[in-house]
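Please treat every number below as a calculation from the coordinates, not as lab data. Keep in mind it's a predicted model, so treat the numbers as computed, not measured. Quick reminder, even Gly has a Cβ in these numbers, built from the backbone with ideal geometry, and neighbours come from all protein chains shown.
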Amino acid sequence: MRITIKIRHASRKFAESIAKSVSPDNLKAPPNVIVKTRAKGKTTTSIVKCERLETFITTIDDLLLCMDAAQKTLEEVKSDRRT
């Protein structure tokens, strides 16, 4: 199974920061799971490949949760700098 997930962000810097924040997931994936995330412009593109359905779904869920946490952190830091 394979999925490509593209997410458009507010800025190029946000996309780059989010891609970097989930890059450890690329390295720590089990041997039968491939996760690659990169940024281009304002978009992050993640590719997930896996053989087992349960692992595939869990990996995608984990990736999206990590990206969401990174996005919320960046937004909070950005709003704190304004005050």
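For the stretch 26-46, a residue qualifies if it is among the aliphatic types (A, V, I, L, M) and either surrounded by 15 or more Cβ atoms within 10 Å (Cβ to Cβ) or in contact with a Pro (Cβ under 7 Å, 6 or more places away or on another chain) (or both), and the qualifying residues are A29, V33, V35, A39. Do we find a residue being exposed (fewer than 14 other Cβ atoms within 10 Å of the Cβ) and acidic (D, E) anywhere in the stretch 58-69? Yes; the residues of the stretch 58-69 include at least one that is exposed (fewer than 14 other Cβ atoms within 10 Å of the Cβ) and acidic (D, E).
Screening the stretch 70-81 for residues that are closer than 19 Å to S23 by Cα and of a type outside the set (A, V, I, L, M, F, W, C) and picking the one that is surrounded by the fewest Cβ atoms within 10 Å (Cβ to Cβ) gives K72. Which members of the stretch 47-57 meet the condition of being in contact (Cβ under 8 Å) with a residue 40 or more places away in the chain and loosely packed, with under 10 Cβ neighbours inside 10 Å? Scanning the stretch 47-57 gives E51, L53.
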